[in-house]
Ligand code: BTN
């Protein structure tokens, strides 16, 4: 299981950064959890800031040693998105996935996932699975962001204890990532059923230019297959700019 040892903090810059520091100090072990009540410099995909006000969410990183080739790291995102989406569905929330791994409820973001690798040369030493789940509304989120996000409490009408929720989510993440190692096809087909991006118009960047197309599929590496007017394009997560109608 994941979560032992647990490194818990009131405030951190980012749980991802703390995991990297622990690695350098040789304190990081398989399954370690790094958790903070607030992050001053929480990070999202594409270098974006991830607002992590005190007490407003679950902000954590799990470090583990995946038995996956490093070019398949994106599949950890896919499996983890499925685990969290299923968790929220089980709690009665109408959660869907937005490729690659945002979890939305009523088109608003409730959870984001950031997967990074720690490499020793070419060898993938650790996967750092960073998860942010919004639990409560907070005035410390910027005003314009508040229109685009939601929280567990706003959707469910209650907020479970953080400890209970964290241990349930950790168990789900662990189990889904185990299924991924044994049967990636099963996880991918589950992902496609939960993914609201398929069939939608998407905008993406390639070679400094912006293109649009319709999202048609997710391939065996977890990349988005997009049909444009004249080609089929395969997108890595950094290429997606926006999902339209
Ligand atoms: C995204 O949607 O862009 C990904 C957001 C990931 C946020 C989490 S919060 C815990 C961990 N620490 C970080 O700095 N980021 C991730």
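Using a 10 Å cut-off around each Cβ, can you sort 230, 30, 71 from fewest to most neighbouring Cβ atoms?
230, 71, 30
Of 118, 210, 78, 241, how do they rank once you tally other Cβ atoms within 10 Å and put the fewest first?
Taking fewest neighbouring Cβ atoms as first place, the list is 210, 241, 118, 78.
Once every Cα of the chain carries one equal point scatterer and solvent is ignored, give the base-10 log of I(q)/I(0) from the Debye formula at q = 0.13, 0.15, 0.16 Å⁻¹, two decimals.
-0.79, -1.07, -1.22
Between 43, 223, 21, where does the largest GNM mean-square fluctuation fall for the chain, given springs only between Cα atoms within less than 10 Å?
Taking springs between Cα atoms under 10 Å, the residue moving most is 21.
Hey, what D do you get for segment 1-58 in µm²/s if you plug the Kirkwood alpha-carbon radius into Stokes-Einstein at 10 °C and 1.306 mPa s?
The Stokes-Einstein estimate is 134 µm²/s.
Where is the GNM fluctuation largest for the chain (alpha-carbon springs, 10 angstrom cutoff): 202, 103, 229?
In the Gaussian network model the winner is 229.
Where is the GNM fluctuation largest for the chain (alpha-carbon springs, 10 angstrom cutoff): 172, 13, 123?
Residue with maximal mean-square fluctuation among 172, 13, 123: 123.
Bear in mind these aren't lab numbers, they're just calculated from the coordinates by the rules spelled out. Since the model is a prediction, treat every value here as computed from it, not as a measurement. Ideal geometry is used to build each Cβ from the backbone, glycine not excepted, and the neighbour counts take in all protein chains shown.
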